[in-house]
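Since the structure comes first, as structure tokens, the remarks are kept for the end.
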Amino acid sequence: MDDRYSSEFQAIKLTDCEPAVRSALQELQRTNSRLPLEIFNYKEYMVAGFPLQVSLPSRGPVDGIDIRPVELVLVFFHKAGYPGRAPQIRVDRRSFPTERLPHLNPVWPGEPPWLCLHRGSVNDWYSEHSIGDLVERARSWLEDAARGKLIKDRDRFEPTRIAPEYWLGASVFDQRLFQDYITEQWRIHQTGGVAYVTSYLSAEKTDFEWYRLSSNDIAPSPDLIQPHRSEKEDGKHESGLLYTGLLLWPDPAYKCPRYFGTLPTTVPELNAFAQFVGIPLEQHLAPALATGSSPKGRLIPVFLCIQRPLKLIGSESDLEILSFICFSQDANCPERAIILPHRDPLTPRFARHLSGLSPASPARVMLIGCGALGSKIGMHLGREGLTELTLVDDDLLSPHNFVRHALTESSRGLNKAEALKNAIQGLYRESHQLANTTAIPNSAFEFLHESDGRVFKDHRLVIDATASIATYMSLVENVSNRVPRVVRSEMAEGGRLGMMLVEGRGRSPKLDDVRASLYDLALENVQIERWLNGFQNREDDELGAGLEDITIGIGCSSPTMRVPDDLVSYHAASQSVAIRNLMNGTIPAGGILLSSIEGEIFPQGSVQFYPIEKFRTLIPQRPSGWRVRIRQDLIDQLIHQAQEAAPNETGGILIGMVATKQRTIYITRLLDAPGDSEHCPYAFKMGVNDIPDQVRTIMQKTGNLIRYVGEWHSHPQGPSSLSQKDQETVQQLRTYLNKIGMPTLVMVVTPRGCYPHLSLPI
């Protein structure tokens with residue numbers, strides 16, 4: 001037989017080639033004027049053959065590998081795919097030492113050896129290079145082969161390569177599980193052997209057949225995996241049809257140092273291949289095929305374990321496992337063997353690794369609200385391997401939900417929490433390391449009110465994505481030390497503004513502290529100002545809107561809400577990044593995360609985090625059920641101003657928010673005493689210059705939510721109680737504040753601290 005593969009090809013002329021192929025070959029001849037070309041027609045390819053000069057080491061190739069100074073090479077151009085598909089460089093020699101060389105794409109029997117010239121997508125590489133560059137790369141490959149430098153890491157063995165052009169599917173299994181099982185069998189028995197594998201096979205037929213084989217459980221006998229087969233009628237499973245596959249391995253002393261230049265395509269070829277690697281496959285496969293294992297014909301998955309002389313590249317084991325599916329449909333059809341490239345199953349740990357996160361198992365997170373925003377946050381976390389999730393939602397998925405929801409129409413009618421759990425767990429269904437995600441199909445309000453804190457056990461974070469004020473208040477009022485850190489995720493401004501309120505460690509600042517700080521932020525942030533004023537339901541008056549009267553965010557249960565999906569995704573992505581950083585401890589402080597979009601045709605986005613100091617609770621000296629919440633830095637500022645003014649008294653205005661229902665006054669900023677104020681050692685008289693205008697501006701910018709809430713003055717020498725003059729001032733304030741139902745707050749500041757005094761409306 002002629003040593004050249006091309007001797008069996010159909011010779012054609014250059015003018016018979018496709019225009020793009022003809023142009024490439026003419027370019028090759030221009031740069032290599034003496035290059036003799038032979039042109040062939042072969043299956044779906046046009047092929048050009050020519051001799052390629054190879055520079056060999058002065059003492060000949062390393063280890064006597066048969067690389068010659070002139071190698072005949074073939075350039076395969078795909079007729080329909082070129083130039084989008086890069087040409088293949090093959091060697092036109094049947095005696096080429098394929099079994100001794102790595103970096104070869106295995107081919108079907110009878111085809112020329114195919115050089116692997118690029119680790120990534122050769123199509124992408126070729127889009128930026130010429131045919132001459134590709135030929136020079138082939139020359140370098142042959143010269144490296146002659147010098148034994150195809151593998152840079154010489155203490156590793158390259159696994160069998162399967163080129164994408166020959167993929168007919170994929171085999172998904174945990175290679176380490178198989179390797180560990182075989183290693184243990186070797187330890188016990190010291191011989192080769194066979195085991196049985198539960199495998200689910202799905203097949204699609206378009207222009208060609210495409211197989212997906214998912215395998216997990218291993219047993220020494222097929223009877224031990226039989227119970228799995230009875231779970232579904234006719235061996236059916238959500239992943240496809242269930243089969244019992246064969247896992248075989250050789251004697252532990254047998255190591256195969258050879259590479260595989262060709263791949264078997266029939267069962268007889270596979271039997272011969274297995275014999276070559278020390279595995280008596282035929283005696284196990286023949287009876288299995290004869291018996292049959294499928295309602296749709298005889299089909300057996302086969303896993304051959306090959307022991308290599310070195311550890312595999314990318315693995316800590318020397319065991320390479322090749323996957324095949326063997327089948328025969330009828331007596332007139334030859335028994336086929338199809339190799340499937342291996343893919344690791346996705347595990348939460350692997351997902352964390354791919355996401356650049358710590359592989360360690362994360363603490364548990366509770367997500368309350370699995371609507372548009374919540375579902376996207378949940379899927380972001382789930383895809384990143386942060387699957388220790390408790391999902392809470394009682395709502396069902398309706399058709400309009402799928403405009404913005406992370407899930408698709410196939411989940412219609414399902415509970416949102418259950419559907420989201422199924423989607424996250426579905427990412428890892430082929431893994432032994434399942435996603436530890438649970439669903440609670442209860443309303444958030446009922447769930448929180450019926451719980452006593454034990455539901456939060458082992459949770460590090462609670463995410464409130466409900467857009468519900470009732471849920472917000474439940475989390476605020478729950479002061480159990482079992483409640484972990486809480487964040488609230490919201491949208492506003494027609495989806496152009498995203499807000500995440502972040503509690504600090506130890507729940508200080510608490511969620512309501514952060515909310516008050518959010519309203520205060522309107523004094524510096526135009527978008528917050530615009531949003532708050534948009535919700536103002538009445539003209540400016542003394543009271544304005546209270547905390548309990550304003551709806552924060554967007555309720556995604558309404559089919560009339562007009563917000564595009566991409567805006568929801570934008571905010572969800574920004575907030576998911578922050579949640580991930582909260583989980584790993586890089587955001588210790590509480591604060592406000594704002595994600596915003598401005599502009600129409602070319603919108604610009606921004607994300608900014610505003611940290612907020614811890615808040616302290618101050619209880620008025622005369623118990624009333626009310627409390628004052630104030631940031632520690634404002635307390636420090638008050639004491640400092642008092643010290644700076646000593647021995648004179650000084651004072652100023654307290655700005656913040658009054659939550660009547662919660663009996664809480666939040667102090668968010670201070671206004672200095674106006675210039676017409678009077679200071680002396682035993683008295684302080686507040687001036688009035690500019691104060692009304694400053695307060696009016698604050699109220700206008702914050703939708704009347706942030707306002708005047710009281711006054712403060714210092715007692716440099718003490719006491720912390722109100723003087724007679726202070727009490728007279730309080731009575732004067734009460735004649736005004738009684739009309740609008742606001743309490744009167746006077747803060748006395750001494751060197752020892754701040755002491756609130758509260759007078760309630762009559």
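Read-outs throughout are calculated quantities, based only on the coordinates presented, and are distinct from any laboratory measurement. Computed from a predicted structure; not experimentally measured. Every residue, glycine as well, gets a Cβ built from its backbone with ideal geometry; the counts of neighbours run over all protein chains shown.
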**OP:** Averaging sequence separations of C-alpha pairs under 8 Å and six or more residues apart, then dividing by the length of the stretch 615-759, give the relative contact order as a whole percent.
**Re:** 26
**OP:** Compare the Cα positions of 198, 410, 15 along the charge dipole of the chain (+1 at Cβ of Lys, Arg; -1 at Cβ of Asp, Glu; about the Cα centre) and return the one farthest towards the positive end.
**Re:** 198
Subject >> Packing-based exposure ordering (other Cβ within 10 Å, fewest first) of 713, 571 >> reply: 713, 571
Original post:
Under 5 Å between amide H atoms, partner at least 5 residues away or on a different chain: which partners does residue 311 have, H built in plane at 1.01 Å?
Top reply: 157
**OP:** For the stretch 162-216 and the stretch 416-466, write down the distance between their C-alpha centroids in whole Å.
**Re:** 33
Original post:
Could you put 62, 476, 70, 365 in order, starting from the residue whose Cβ has the fewest other Cβ atoms within 10 Å?
Top reply: 70, 62, 476, 365
Subject >> 12 Å Cα-Cα reach of residue 43 towards aspartates and glutamates, excluding residues that sit fewer than 8 places from it in its own chain >> reply: 8, 111
**OP:** Search the structure for amide H atoms under 5 Å from the amide H of residue 12, placed 1.01 Å from N in the peptide plane, and list their residues when 5 or more places away or on another chain.
**Re:** 39, 40, 41
**OP:** Convert each backbone phi in the stretch 40-54 into a coupling constant with the Karplus relation 6.51 cos²θ - 1.76 cosθ + 1.60 (shift: θ = phi - 60°), then list the ³J(HN,Hα) values in order as whole Hz, x for Gly and Pro.
**Re:** 9, 10, 9, 6, 8, 10, 9, 10, 10, x, 6, x, 10, 6, 10
Subject >> Relative intensity, log₁₀ I(q)/I(0), of the chain from a Debye sum that treats every alpha carbon as a point, q = 0.08, 0.11 Å⁻¹ >> reply: -0.83, -1.17
Original post:
Got a sec? How would 440, 131 order by Cβ neighbour count within 10 Å, fewest to most?
Top reply: 440, 131
Subject >> Relative contact order, percent, the chain [alpha-carbon distance under 8 Å, six or more residues apart] >> reply: 7
Subject >> Share antiparallel - DSSP beta bridges, the chain, percent rounded to 5 >> reply: 75
Original post:
What are the residues whose amide H is under 5 Å from the amide H of residue 107, where those residues sit 5 or more places off or on another chain and H is modelled from the backbone?
Top reply: 262, 263
Subject >> Dimensionless Rg/Rh of the stretch 350-612 - Kirkwood Rh, Rg from C-alpha atoms >> reply: 0.95
**OP:** Per DSSP H run of n ≥ 4, the term is -39500 (n - 2.57); total these for the chain, divide by its residue number, and report the mean residue ellipticity at 222 nm rounded to 500 deg cm²/dmol.
**Re:** -8000 deg cm²/dmol
Subject >> Protection-proxy order for peptides 521-530, 281-290, each taking the mean of Cβ atoms within 10 Å per residue, highest first >> reply: 521-530, 281-290
Original post:
Which entries in 661/725; 685/725; 510/661 show an alpha-carbon gap greater than 21 Å?
Top reply: 661/725
Original post:
If you wrap the stretch 5-147's Cα atoms in a convex hull and average its projection over all directions, what's the area in nm²?
Top reply: 8.6
Subject >> Check: the chain dipole with +1 on Lys, Arg Cβ and -1 on Asp, Glu Cβ, in debye >> reply: 980
Subject >> For the stretch 708-718, Karplus couplings with θ = phi - 60° (6.51, -1.76, 1.60), whole Hz, Gly/Pro x >> reply: 5, 10, x, 9, 9, 8, 9, 10, x, 9, x
**OP:** Using a/c under 1.5 as the rounded threshold, could you call the stretch 145-201 rounded, prolate or oblate? The axes a ≥ b ≥ c are square roots of the C-alpha gyration tensor eigenvalues, and prolate needs a/b larger than b/c, oblate otherwise.
**Re:** oblate
**OP:** Report ³J(HN,Hα) in whole Hz for each residue of the stretch 372-386, in order, from the Karplus equation J = 6.51 cos²θ - 1.76 cosθ + 1.60 where θ = phi - 60°; Gly and Pro get x.
**Re:** 4, 5, x, 5, 5, 4, x, 5, 4, 5, x, 5, 7, x, 8
Subject >> Normalised alpha carbon radius of gyration of the stretch 615-759 [divisor 2.2 N^0.38 Å] >> reply: 0.97
Subject >> Cα centroid separation, the stretch 31-64 to the stretch 582-610 (Å) >> reply: 58
Subject >> From the C-alpha gyration tensor of the stretch 94-170, square roots of 5λ in Å >> reply: 19, 18, 14
Subject >> Assigned charges on the beta-carbon of Lys, Arg, Asp, Glu; the stretch 640-725 dipole about Cα centre (debye) >> reply: 540
